[in-house]
Amino acid sequence: MKKNLFIFLFFVFTSLFSQTYTPLLKDGNKWYMSFVDSNYDQCLYVSGRSNYIYKIDGETIINGKTYKKIICEFVSGAHYIRFCGDNLQGNVAALLREDISERKVYRYNSNSNSETILYDFSLKVNDAFPTNGFDTYFLNNGSPTISSIGYGTVFNEEVRYFGIVGLQGYSNAVYEGIGSASGLLELPFYVGISYGNVLTCFENTSGLSCNSQLVLGASENSVEKNLTLYYSKENQGFKIIGNPSQDYKVSFYENTGRLLEEVNTKGKQSFSLKNTVKNKILFYTITSNVNSWKGKIMIQ
C-alpha cells in the first residue's frame, strides 16, 4: 500500500513539475482594452479612446463542447467599439474553449456552427500563425508566421512569448496565459499613427498589472536556456551551471510536495544542504529575478 502511494505521489508531483503550459482561460482573468482613434478614422467618428474589458463570465455547451463566455463591458470613451458589438453591458463578445493537452484555444463561430483556432501555443519558429479566429481587420495581405519564441516578463507574469511577423508590416507577440499584445480577441497589431487596439492591463487572481512592457528573461542567452542543477556525489555539494553574476534561489521539495530547504546562491557557486538527504529524488525550482526553472535530481 505504501509503495503504491509513493508511486502515485511521485507521478502527481512529477506531472506538476513537468507541466509548463499556462492556461489562458482561467476564471478571474480580465483583459483591459483600449481602442485608439486619433484622426476621426474608421468607426468611432470621434477622436480619442474607447476603453472596455473582456472577462470570463459563465459557460455554455454547444455540440457537446463546453465554451467559456467572454463578456465585453464598456468602461469609458466613445459609444461604439469595433469588436464589442453594440457596446451593451454584458455583451457576449466570443465563446472560447481551451484544450490544455493540445495547447490550443478555439473560438466558436455561430454563422457556420463550427470552431476555429484562436491561439496555438504548440507552434514552432517559422510555423504559420492562425488568424481565422481573430477579428482580422488589421490582417495584412500575406501569411503571418512565428519569428521567435522565448521567455520574459510582461504584466508581472513570467511568460512564454511568440514573436510574429506579417501583420501590417509590424512585429508583435502573443503571450501564453495572457493572449495577444493587442487584447484577447484582437490580432497582435502595433498601434500606428491613426488607430489600433491596445491591451493596457491584465488581471488574474494574483492581481492587476498595467506594465505591458515585455522584458526578456535571463533564459534568452545560451547558458540560461539549459540551466541545470549539478550534484557532486563526492562532496555532496550542489552547483547551478549558470551565470556567475546572477543571484538565484533554489527550493528543494520532497516527493510529497513538502518544502525541504531553500538556498540563495549564484551561478557556479558550490553549496550544500543543512539537512542530510541520501538515496532520494528531490524536486527543485530555481528562480531568478526574471525567470524560473524546474527539475528533479537524485541524491546518493
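Can you tell me which of 109-120, 22-33 comes out highest on packing, and rank the rest after it, using the mean Cβ neighbours within 10 Å? Provide the component values of the computation, followed by the final result.
On the way: 109-120: 14.6, 22-33: 18.0.
So the peptides 109-120, 22-33, ranked by packing, come out 22-33, 109-120.
R0 = 22 Å: FRET efficiency of Ser112 with Ser143, Cβ-based, nearest 0.05?
Numbers: r = 22 Å, r/R0 = 0.99.
Efficiency for this residue pair is about 0.50.
Between Ile100 and Val125, what is 0.36 nm times their sequence separation minus the Cα-Cα distance? Round to one decimal in nm. It would help to have the intermediate numbers written out before the result.
Numbers: separation 25, 0.36 × 25 = 9.00 nm, distance 2.04 nm.
Gain in length upon complete extension: 7.0 nm.
Given points 7 Å out from each Cα along the Cα-Cβ axis, report the Ser270 to Ile299 separation in nanometres with one decimal.
Between Ser270 and Ile299, the simple spin-label model gives 1.8 nm.
Net charge near Tyr231: determine it from the other residues with C-beta under 15 Å of the C-beta of Tyr231, scoring Lys and Arg +1 and Asp and Glu -1. Please report the intermediate quantities before stating the final value.
Values: positive: Lys233, Lys239, Lys268, Lys278, Lys280, Lys296; negative: Glu234, Glu261.
Charge balance near Tyr231 sits at +4.
Where Lys and Arg each count +1 and Asp and Glu each count -1, what net charge lies around Ser270 among other residues with Cβ under 12 Å from its Cβ? Let's see the in-between values first.
Values: positive: Lys239, Lys266, Lys268; negative: Glu234.
Overall, the nearby charge balance is +2.
Highest mean first, how do 236-243, 267-274, 49-56 rank when packing is the count of other Cβ atoms within 10 Å averaged over residues? It would help to have the intermediate numbers written out before the result.
Details: 236-243: 18.0, 267-274: 13.5, 49-56: 20.1.
Peptide ranking by packing, descending: 49-56, 236-243, 267-274.
How large is ³J(HN,Hα) for each residue in region 232-239, as worked out from phi by the Karplus curve 6.51 cos²θ - 1.76 cosθ + 1.60 (θ = phi - 60°), to whole Hz, x for Gly and Pro?
Result, rounded to whole Hz: 9, 5, 5, 9, 6, x, 10, 7.
With r as the distance between the Cβ atoms of Ile281 and Gln236 and R0 = 22 Å, compute the FRET efficiency 1/(1 + (r/R0)^6) and round to 0.05.
Details: r = 15 Å, r/R0 = 0.70.
FRET efficiency, Gln236 to Ile281: 0.90.
Every read-out reported here was derived from the displayed coordinates using simple, explicitly stated rules and does not represent laboratory data. In this text, all values refer to a predicted model and were calculated from it rather than measured experimentally. Please note: Cβ atoms are built from the backbone with ideal geometry, for glycine as well, and neighbour counts cover all protein chains shown.
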